[in-house]
Amino acid sequence: MLNSPTLMKIRMPARLEIPRIRFYLKSVLFTGILLVAAVGAGSAQSQQRISKRYPAAKNVRVELKNISGTITVESWNRDEIKLTALLESPKAIISPRQTNEALIVDVRADNRGRSDIGDVNFTLQVPVNSSVDLQTMRGQITVTNIRGDMVSAHVSSEGDITLLGITAKQVFAQNTIGDVFFDGEFVAGGTYRFQSGKGNINIRIPADSAFNLEAAAPNKKIALGQFWNNGFKSMGDGRKYVGDVIDGRSKVIVTNFQGSITFIRR
Amino acid sequence: MNCEKCQDIISDFVDGSLSREDQSLLNAHLEECLECAGVRDDLQSIIGFCQTHRGEYVAPPNEKALWQRIRNMIESGAGSVVAAPAPGKPSRISLWKNWTGRSWELSFAQLIASAAVIILVVSLSTIVGLRRYQTGESAKSNSSPVDGSLSLATADVRDRISQQQQLISFWNQRVEYNKARWSPQMRETFDRNLQVIDQAVNESLNSLSQNPHDEVSEEMLHAALNEKLSLLKEFAEL
């Protein structure tokens, strides 16, 4: 059957078409890659990148008020601040202002009354003993290895807050939708406030941490883990816990409207 | 130039420290105004007298005794006269006497300003009083802007919620006014987040309606309302 001339006639063109299809496929693939590259290059061109360095004291204060976009702050071993901003729209205006004690970047004030300016993503490298006060209306905030007096991260609407390696006397983290993660130490006499509307709050601290705690979550998802002791007072049928861990030398207030509160031993 | 300005600078004129321009202006005024010219003459004669008798002053033999005599005379005389204290001696005249003994002649402008301040204070207190009264009435008639379930909550809680709610309404209007300028993405974000907060507010209100004295629900309600207020404020200013 296979050697019949009719079948041969039918199969021959099929064999011939395979290389042609391959050629078409390759062409389409190549064109696609070219298109993707062109679009990528175009979008990269439309994004603007600003990078500036500012001389700074060891305990400089950095204030940043963003509208939308991520904020990443990390410490480095230099007495200067490096600010890098990636602007989604060229319409956005950024005018950092430096005083004797602080570097102030206020995207909201700089662009007040303007139509949408898109995301502005910030990366800041600051001296390790800096104080940072960060606000954005939307977007993630990440702060790493800061040992200044204050670390404040406020996301008005949605965005995760991650604070890693923090040793500061005042820490404040608040968002409406998103997780809050704190990994650091509570300093004696310090104040620590964490609040979320809908997200999980996880606090990772050394086993020997001493603090006075007020933790409230209406859904009763409060897990104190190893830090639980019989001195804790349960209020509202387990929706709030108040008490001291060791001698309660620092004040910790945690509020979560819909998510959980978890303490983790480091 | 008027008399007020003239009398401000006349002592500089007598000292000879005025600019040429001011000097000519002042001269022109003094030629026209007899009263100011009189002031100038008085000043010049005082200065002249002082210059002539410079160095002739001799201190009294017993200065302390003299001051004591002056004080005794003043105290035994008219009580309304306020004497200057002797150097190095603290004043014995009470603050009250000082206050009542002061001359209270007010200028026309001061009188107007005082009347305006009194009217402002009275109007403000009336408005605040009326508002408080109306708020109380509206809460009583179960027309609370938050929720009907508040009728079970305590009056104090109701008051505070009502105040917060008024602020929220104000900022809500501002947000609605500005919303059209936002990107669709921003609008969605705002609505989504407001929904989350409203859910927290409603849950707290439900708890409070079941147990009006539940402190935790009360705390959560206030925290949620503050959060809402903060969200509205920030987006209103966008």
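How shielded is B:189-201 by partner chains, expressed as the average number of their Cβ atoms within 10 Å of its Cβ atoms?
Neighbouring Cβ atoms belonging to other protein chains average 5 per residue here.
How tilted is helix A:5-46 with respect to the longest principal axis of chain A? Cα atoms for both, answer in degrees (0 to 90, nearest 10).
It works out to around 40 degrees.
Expressed in whole Å with the largest first, what are the equivalent ellipsoid semi-axes of region B:162-206 derived from the C-alpha gyration tensor as the square root of 5 times each eigenvalue?
22, 16, 4
What order do you get for A:176, A:191 when you list them from fewest to most C-beta neighbours inside 10 Å?
A:191, A:176
When a footprinting reagent is the concern and you count Cβ atoms within 10 Å, what order do B:6, B:33 take, fewest first?
Sorted ascending by nearby Cβ count, the order is B:33, B:6.
At R0 = 45 Å, how high is the FRET efficiency between residue B:118 and residue B:65 if r is their beta carbon distance? Nearest 0.05 is fine.
Result of the calculation: an efficiency of 0.35.
Could you estimate the translational diffusion coefficient of region A:101-219 from the Stokes-Einstein equation, with Rh from the Kirkwood formula over C-alpha pairs, at 4 °C and 1.567 mPa s, in whole µm²/s?
Stokes-Einstein gives a translational diffusion coefficient of 85 µm²/s.
Just tell me how shielded A:67-75 is by partners: mean number of partner chain Cβ atoms within 10 Å of each residue's Cβ, no decimals.
1
Collect residues whose amide H, placed 1.01 Å from N in the peptide plane, falls under 5 Å from the amide H of residue A:183; neighbours closer than 5 in sequence don't count.
A:163, A:164, A:165, A:166, A:204
For region B:3-52, what class follows from the C-alpha gyration tensor (a ≥ b ≥ c being the square roots of its eigenvalues): rounded when a/c is under 1.5, otherwise prolate if a/b is larger than b/c, else oblate?
oblate
Quick check: from the Cα gyration tensor, does region B:147-236 come out rounded (a/c under 1.5), prolate or oblate?
prolate
Could you list which residues have their amide H under 5 Å from that of residue A:153, counting only those 5 or more apart in sequence or on another chain, with H placed in the peptide plane?
Distant-sequence amide H within range of residue A:153: A:134, A:172, A:173, A:174.
Taking 28 Å as the cut-off for C-alpha to C-alpha distance, list the pairs among A:220/B:233; A:169/A:233; A:82/A:169; A:65/A:233 that go past it.
Checking Cα-Cα distances, A:220/B:233; A:65/A:233 exceed 28 Å.
What is the calculated FRET efficiency for residue B:206 to residue B:174, with r their C-beta to C-beta distance and R₀ = 30 Å, to the nearest 0.05?
So, using R0 = 30 Å, E works out to roughly 0.55.
Taking residue B:5 as the anchor, which aspartates and glutamates have their alpha carbon closer than 19 Å to its alpha carbon, excluding any fewer than eight residues away along the same chain?
Partners within reach: B:15, B:21, B:22, B:31, B:32, B:35, B:41, B:42.
Would you please put A:249-257, B:106-114, A:94-102 in order of how densely packed they are, using the mean number of other Cβ atoms within 10 angstrom per residue and starting with the highest?
By packing density, highest mean first, the sequence is A:249-257, A:94-102, B:106-114.
If you average 1/r across every pair of different Cα atoms in chain A and take the reciprocal, what Kirkwood value do you get, in Å?
With all distinct Cα pairs of chain A included, I get 21.7 Å.
What is the gain in length, in nm to one decimal, between residue A:47 and residue A:226 on full extension, counting 0.36 nm per residue of separation less the C-alpha to C-alpha distance?
Extending this stretch completely gives an extra 59.7 nm.
Scan around residue A:139 for amide H atoms under 5 Å from its own, H built in the peptide plane at 1.01 Å from N, and keep only partners 5 or more places away or cross-chain.
Answer set, sorted by chain and number: A:69, A:158, A:159.
Which whole number gives the average count of other chain Cβ atoms within 10 Å of the Cβ atoms across peptide A:197-203?
Whole-number average of other-chain Cβ neighbours for A:197-203 is 3.
Run the quick spin-label model on residue A:266 and residue A:97: label points 7 Å from Cα toward the beta carbon, then report their separation in nm to one decimal.
3.6 nm
Residue A:58: which aspartates and glutamates have alpha carbons under 17 Å from its alpha carbon, excluding same-chain residues fewer than 8 sequence positions away?
A:74, A:79, A:80, A:101, A:133, A:149
The numbers here are math on the coordinates, done by the rules we state, and not lab data. What you see is a predicted model; the values in this text were computed from it and never measured. Counting neighbours? That spans all protein chains shown, and the Cβs are built from the backbone with ideal geometry, glycine included.
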